[in-house]
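So the structure is just underneath, and the comments pick up after that.
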Amino acid sequence: MEFASPFSSETYEAVPRVEIPDDLGLRAVCLDIDDTLVDFSAAGRRALAAMIGRDDMWPVWERLTELHVARVVADRLDYASMHRQRTKSFLDELGVAVSDEDAARFERRRAALVQCHWDVYGDVLPCLEWLRAAGIALAAVTNASGAHQRKKLDTLGLSRYFGHVAIAGEVGAAKPDPLIFHSACAALGCDPAEAVHVGDKLEADAAGAVRAGLGGVWLDRHGRCESDRDTDVQVISGLDELPSVLVADLGRAGVPVPR
Ligand SMILES: [Mg+2]
């Protein structure tokens, strides 16, 4: 199949050479954003290290982020308050007590630094081009804040690929809640059984999608594959492997097929 590519010849060569079948049997693909499309952890880690002068506190930041995002999804916090409270909790663990104003200033500076380091993985654009050429509708499905994620997709030139962006705070449910997967499918006009979701979190993304009736693909970029993993979940180590998995294992069946 031929289609125009806006990318360099080098990138174009990386387009997966998987022939698109006539009967793919798949109408939509949902993709997580952070650490699936965008190397978010690296950007966040570098920004945090620059702010505090040490590189060993990222796991603490991640843990506090999960806790505070859960409070946003439960409708107990808005995102601005969440960002401020997360920063205060984090600095408290470092033994530093700060005012609300100082926490807000820290967060603004940190967020600006993170944006400086946003980067799209090299396998993303070729994969999105293949999916678009296959006529598959795309949704981004994220647990982070809407304004932030839409700006990220815009800034990185990814918005044009997505027919819908499902935001946990707007839907009122976060992955792995089936509701957010079903809302994305409804927005794209397909049934869950006609869709696949791909993301870097085994439980929240891949296993959650399978329980919601979609196909689930775990993007295991760092080779963490667990031997006792959910057998209904497909595992790939890069998005360059996604087309072959969709064609071989998930597409025609329209439902998850164990390997
Ligand atoms: Mg992610």
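The values are calculated or read from the model by the stated rules, or taken from the named source; none is laboratory data. Here the structure is a predicted model, which means the values were calculated and not measured. For neighbour counting, all protein chains shown are included, and Cβ atoms are generated from backbone atoms with ideal geometry for every residue, glycine included.
The lone criterion from (1) within 29 Å of Val245 (Cα to Cα); (2) within 16 Å of the ligand (Cβ to nearest atom); (3) surrounded by 20 or more Cβ atoms within 10 Å (Cβ to Cβ); (4) modelled with pLDDT under 95 left unmet by Ser41 is number (3). Inside the stretch 66-93, residues that are assigned to a helix (DSSP H, G or I), more than 19 Å from Gly44 (Cα to Cα) and among the basic types (Lys, Arg) make up a count of 1.
A quick yes/no check of all residues on (1) within 16 Å of the ligand (Cβ to nearest atom); (2) under 24 Å from Val235 (Cα atoms); (3) buried (at least 16 other Cβ atoms within 10 Å of the Cβ):
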{"position": "Ala104", "(1), (2), (3)": "no, no, yes"}
{"position": "Gly122", "(1), (2), (3)": "no, yes, no"}
{"position": "Cys185", "(1), (2), (3)": "no, yes, yes"}
{"position": "Ala195", "(1), (2), (3)": "no, yes, yes"}
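The condition (being modelled with pLDDT under 90, in the same structural domain as Asp123 (by TED's automatic domain parsing) and more than 23 Å from Arg17 (Cβ to Cβ)) is satisfied by just one residue among Gly223, Gly189, Gly199, Gly216: Gly223. Looking at Leu31, Leu26, just one residue is buried (at least 16 other Cβ atoms within 10 Å of the Cβ), modelled with pLDDT under 95, out of contact with any Pro (no Cβ under 8 Å at 6 or more places or on another chain) and under 16 Å from Cys127 (Cα atoms), and that residue is Leu26.
Identify, please: which residue in the stretch 131-164 is of a type in the set (Val, Ile, Thr) and surrounded by 19 or more Cβ atoms within 10 Å (Cβ to Cβ) and is, among those, farthest from the ligand (Cβ to nearest atom)?
That would be Ile136.
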